[in-house]
Amino acid sequence: MPVGGEGFVRLLAKGRFLFDDKSGHPYHFMVATVTGVAPFVSMLRDFAGRHEEGEWIPYRIALLQAASISCELGYSEELSALARRFPWFHYIPTVSRVGLDPGWVGEKGRVEDVARKYLDALGFAPAATTAYACGNPNMVENVKGIFQRAGFPKDFVKQEVYWVAEKGE
């Protein structure tokens with residue numbers, strides 16, 4: 001916006017995409033593509049701010065963040081540091097176009113392919129987990145399908161879609 005430009009601010013926040021601490025679930029599995037990580041960063045900053053480093057808490061939170069190339073993984077340094085500080089947090093960045101990012105040494109693959117691997121590997125069972133997806137609307141739909149096939153009840157799958165996908169997009 002140029003200097004002197006006008007902006008519009010809503011009277012009330014539009015979104016309701018929040019950390020679900022009312023579910024009673026100790027596990028929270030978050031999936032994001034590129035800028036879809038922003039709400040999770042906010043949730044994690046708040047959560048970490050309420051807990052001491054090294055404090056045992058009955059929660060386990062994982063964030064799977066996906067991008068085409070690693071420079072699109074916004075907040076990755078902050079999230080990696082958070083994962084080193086708090087044993088309850090797992091950060092899993094993944095890159096899908098490794099041919100364009102030959103120096104990448106982390107997880108490789110599309111978020112939809114990596115999600116199920118980590119749900120199982122980290123023990124995020126449907127009965128004890130709230131699942132979240134935010135970002136590209138096609139990814140959100142695909143990941144919701146993965147959660148559904150894994151047995152997650154619809155009430156415990158939260159989503160935030162940044163735009164409505166056109167047919168064929």
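Values in this text are rule-based calculations from the coordinates and carry no lab data. Please read these numbers as outputs of a predicted model, since none were measured by experiment. Here Cβ is always computed from backbone atoms with ideal geometry, including for glycine, and neighbour counts include all displayed protein chains.
Once you have the Kirkwood Rh of the stretch 83-168 from its Cα pairs, apply Stokes-Einstein at 37 °C and 0.692 mPa s and quote D in µm²/s. Answer from the Stokes-Einstein relation: 228 µm²/s.
Between Glu107, Glu53, Glu72, the residue with the greatest mean-square fluctuation in the GNM of the chain (Cα pairs under 10 Å linked by springs) is Glu53. Here the gap between Ala48 and Asp120, fully extended at 0.36 nm per residue and compared with their Cα-Cα distance, gives a gain of 23.5 nm. Our summary gives the stretch 51-169 a relative contact order of 20 percent, counting only alpha carbon pairs under 8 angstrom and 6 or more residues apart. If one puts a single equal scatterer on every Cα of the chain and applies the Debye formula without solvent, what log₁₀ I(q)/I(0) results at q = 0.10, 0.14, 0.17 Å⁻¹? Treating every Cα as an identical point scatterer, log10 I(q)/I(0) equals -0.40, -0.76, -1.08.
Counting lysine pairs in the stretch 36-169 that sit 8 or more residues apart in sequence, or on different chains, and whose Cα atoms lie under 16 Å apart gives 4.
Per-residue packing, averaged as other Cβ atoms within 10 Å, sorts the ranges 30-38, 80-88 into the order 30-38, 80-88, beginning with the highest. Each Lys and Arg Cβ is given +1 and each Asp and Glu Cβ -1; about its Cα centre, the stretch 35-127 then shows a dipole of about 180 debye.
Among the trypsin sites (Lys or Arg not before Pro) found in the stretch 101-169, those both in a DSSP coil and sparsely packed, with 13 or fewer other Cβ atoms within 10 Å of their Cβ, are Lys167. Only helical runs count toward this figure. For the chain, summing -39,500 (n - 2.57) over DSSP H runs of n ≥ 4 and dividing by all residues gives -8500 deg cm²/dmol at 222 nm.
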